[in-house]
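The values are calculated or read from the model by the stated rules, or taken from the named source; none is laboratory data. The shown structure was predicted, so the numbers you read here are calculated from the model rather than taken from an experiment. A quick note on method: Cβ atoms are made from the backbone with ideal geometry, for glycine too, and the neighbour counts reach across all protein chains shown. Each accessible area value is taken on the protein alone, full model and side chains, heavy atoms only, with ligands, DNA and RNA left out. Shrake-Rupley method; radii C 1.70, N 1.55, O 1.52, S 1.80 Å.
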Amino acid sequence: MSRCLAIVFAATVALGAVSVAVGASQAAPAPASGLDYDFFKTKVEPIFMKKRAGHSPCVVCHTGANNLLRLEELPAGQTAWNDEQSHKMFDSISKLVTPANRANSRLLIHPLAPEAGGDLFHSGGRQFENKDDPDYKILMQWVGVK
C-alpha cells in the first residue's frame, strides 16, 4: 500500500511541476508585433506625464506600482525617461496590446470612460471621456487601430 501511495505522490508532484511550468509560460504575453518604438517614445510617453483636468498624470500612480501599466521612476529633475527606461516600458506596455483584437486592448479600454466603451473601473478615474480625445487617438494610432 505504501508503494502505491509513493507512486501517487510522485505523480502528483510531477503534474504540479508541469502545471507551474505551463502557467509561467502563459503568465506574460509576448509584446504585440508591429508596434513602433520611436512613435512610443516621442508620442505615447508624453501622454503618461500629462496632467489632465481632474486627474493626476499617469506617472504619479503607475510608477513603481504593482499594476499592469508600469512606468519607470523619473529621478528628481528629470523630465523624460532615458532610452533604457523607455525600452523597458515599451516591452512592458506592448503586452497590453491584444494582437488579435487591438481595438479592445487593455491599454485602450482601461482608461476610457465606460460610456465610450471602457472598463467599468479605473482607480485613476477616466483619463479619456471619449475616443475623440487627441491623446486617445495617439494611443489608438500606436496600437494600430484606425
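A count restricted to the stretch 102-140 and to residues that are among the aromatic types (F, W, Y), part of a loop (DSSP other than H, G, I, E, B) and modelled with pLDDT of 90 or more stands at 0.
Just checking, does the stretch 14-35 include any residue being touching a helix residue (DSSP H, G or I) at 6+ places or on another chain (Cβ under 6 Å) and at pLDDT 85 or above? Checking the stretch 14-35: at least one residue is touching a helix residue (DSSP H, G or I) at 6+ places or on another chain (Cβ under 6 Å) and at pLDDT 85 or above. Taking the numbered list (1) open to solvent by 30 Å² or more (accessible area, probe 1.4 Å); (2) among the small types (G, A, S); (3) under 18 Å from K146 (Cα atoms) in turn, S92 passes all entries but (3).
Give the number of residues within the stretch 116-145 that are free of Cβ contacts under 8 Å to residues at least 12 places away in the same chain, open to solvent by 70 Å² or more (accessible area, probe 1.4 Å) and farther than 24 Å from N66 by Cα. Break it down stepwise before answering.
In the first step, residues of the stretch 116-145 are kept if they are free of Cβ contacts under 8 Å to residues at least 12 places away in the same chain; the result is 118-121, 132-134, 137.
Subsequent filtering for residues that are open to solvent by 70 Å² or more (accessible area, probe 1.4 Å) retains 120-121, 132, 134, 137.
Filter once more, so that each one left must be farther than 24 Å from N66 by Cα: 132, 134, 137.
Residues in the stretch 116-145 being free of Cβ contacts under 8 Å to residues at least 12 places away in the same chain, open to solvent by 70 Å² or more (accessible area, probe 1.4 Å) and farther than 24 Å from N66 by Cα: 3 in total.
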